[in-house]
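Every number in this text was worked out from the coordinates using simple rules, so none of it is lab data. Just so it is clear, the model here is predicted, and its values are computed rather than measured. Virtual Cβ from ideal backbone geometry, glycine too; neighbours counted across all protein chains shown.
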Amino acid sequence: MARTFPRTALGLSLVALSLAACGAPPTHSEAGRSPAASATSAVAAGGMEALLKAAKKEGALNVIALPPDWANYGEMIEQFSAEYGIRVNSAQPDASSQDEVNAARQLAASDRAPDVFDLGASVALANTALFAPYRVASWEDVADDHKDPDAKWLDDYGGFMTIGYDANQVAAPTTIKDLRKPEYKGKVALNGDPTQASAALNGVVAAALGNGGSADDVAPGVEFFADLKKRGNFLPLDPTPATVESGQTAVVLDWDYQNAGMAKQFKGSKVDWRMVVPAGAVIGSYYMQAINKDAPHPAAARLWEEFLFSDKGQNIWLNGLARPVRADAMTKSGTIDAKAYALLPALSGTPVQLTTAQSDKAKAYVAEHWAQAVN
């Protein structure tokens, strides 16, 4: 269930197996590449019609680390392929952001290299040398703090940390502190290990915010989970649909779009999965989109970006209850899926989004203190 950020060993082993099984990877030459490889916009590629023609000629798009049930990526891939007739090769859907970067380096100049990236902020900002600058047609709809001034990356979708819970098993919590109550004994889980998983780390940050900490001080979050463990409330188990259905993990801290997917999966079953954004602990985060500068299918990569940031693509994310970065502009223009937008969980309080420095500091603190405090 967790989409982790440093699962490097697994990523490298999968790449190594791929290379061993197939021999030396096929390569693409600069001479044979599409002029789209240097295009910084659809206009620079000769216009959308020319870009589409070039992408159809390439005939494929390589993506990596896009689970079908993550932010509605399954529908996104299906709709892109159906609309443009381009085959989407999806590799290692459960890989991490760092695995994406590792694959790009390992498979550089190969026809199997990823064409595009979907990355957590810290990994993206540490690897901008791998990205090709590109401005989608809707570039101006995205606020300046959600995009790189040199157009190397663009925030795509985001969400807020929520407490997901089975209303048939436990009472509805409203704050992080509620999870200390005896009724949650042996029921509370994080989506993954916070020393490895971005969602779990942000769950710890949310706990810090709800217990007197801040974006600069996540110690109260670690202390909170240590206390939950002592009370017998915290279950250090990676939740899955099976553990939720069994009642083993009746409460899960995770992104709103992940908990929304869980609710959709169990609709009509014995599990009544709901979620709440905990008051006083509103932590949000966006993923970043970028094009591999060595993309083997450079036109298809750029067409993919245009699709993602089109009204249709943004609404596909929204239908997965992920918050599209163009939501404000689309609300003003009337192009947003109002019904889906109304389903997003309500927020109470001022949202917090970690800066890169704060994220790095939080990761370092949790890496040093989590095992001793909680395990």
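Given H placed 1.01 Å from N in the peptide plane, which residues other than close sequence neighbours of N89 have an amide H under 5 Å from its amide H?
Amide H neighbours of N89: L61, N62, V63.
Can you compute the helix-only [θ] at 222 nm over the chain? Use -39500 (n - 2.57) per DSSP H run of at least 4 residues, normalise by all residues, nearest 500 deg cm²/dmol.
That calculation yields -11500 deg cm²/dmol at 222 nm.
For K56, which aspartates and glutamates qualify as cross-link partners when the Cα separation must be under 13 Å and same-chain residues fewer than eight apart are set aside?
Cα-Cα hits under 13 Å: E83.
To make sure I understand the rule: partners must be lysines, Cα under 27 Å from the Cα of K53, and not fewer than 8 residues away in the same chain. Which ones qualify?
Cross-link targets: K152, K293, K312.
Could you work out the Rg to Rh ratio of the chain, with Rh taken as the Kirkwood radius (inverse of the mean 1/r over all Cα pairs)?
0.98
What percent do you get for the relative contact order of region 254-328 when only Cα pairs under 8 Å and 6+ apart count?
Rounded, it is 30 percent for region 254-328.
³J(HN,Hα) across region 113-122 via Karplus (A = 6.51, B = -1.76, C = 1.60, θ = phi - 60°), whole Hz, x for Gly/Pro?
5, x, 7, 9, 10, 10, 10, x, 4, 5
Compute, for region 233-375, the length of the dipole vector about the Cα centre, with Cβ point charges of +1 (Lys, Arg) and -1 (Asp, Glu) only. Units Debye, rounded to 20.
300
How large is ³J(HN,Hα), in whole Hz, for each residue of region 278-287 in order, when computed from phi with the Karplus curve 6.51 cos²θ - 1.76 cosθ + 1.60 and θ = phi - 60°, using x for Gly and Pro?
So the J values, rounded to whole Hz, are x, 4, x, 9, 8, 10, x, 7, 10, 8.
So which trypsin sites (Lys or Arg not before Pro) in region 230-289 end up in coil per DSSP with only 16 or fewer other C-beta atoms within 10 Å?
In loop regions of region 230-289 (DSSP not H, G, I, E or B), the sparsely surrounded trypsin sites (Lys or Arg not before Pro) are K267, K270.
Would you mind checking the pairs K177/K339; K177/K229; K147/K264 and listing those with alpha carbons more than 25 angstrom apart?
Exceeds cut-off: K177/K339; K147/K264.
Quick one: length gained pulling E49 to A108 fully straight, 0.36 nm per residue minus the C-alpha distance?
18.4 nm
For region 139-147, in order, what is each residue's ³J(HN,Hα) by Karplus, 6.51 cos²θ - 1.76 cosθ + 1.60 with θ = phi - 60°, in whole Hz (x at glycine and Pro)?
Whole-Hz 3J(HN,Hα) from phi for region 139-147: 3, 5, 6, 9, 4, 4, 7, 10, 8.
At q = 0.24 Å⁻¹, what log₁₀ I(q)/I(0) does region 281-324 have when each alpha carbon counts as one equal point scatterer in the Debye sum?
-0.89
Near the amide H of Q353, under 5 Å away, which other amide H atoms are found, from residues 5 or more places off or on another chain, if H is placed in the peptide plane?
Correct list: G284.
Mind listing the long-range amide H neighbours of R135? Cut-off is under 5 Å, sequence gap 5 or more, other chains count too, H placed in the peptide plane at 1.01 Å from N.
S41
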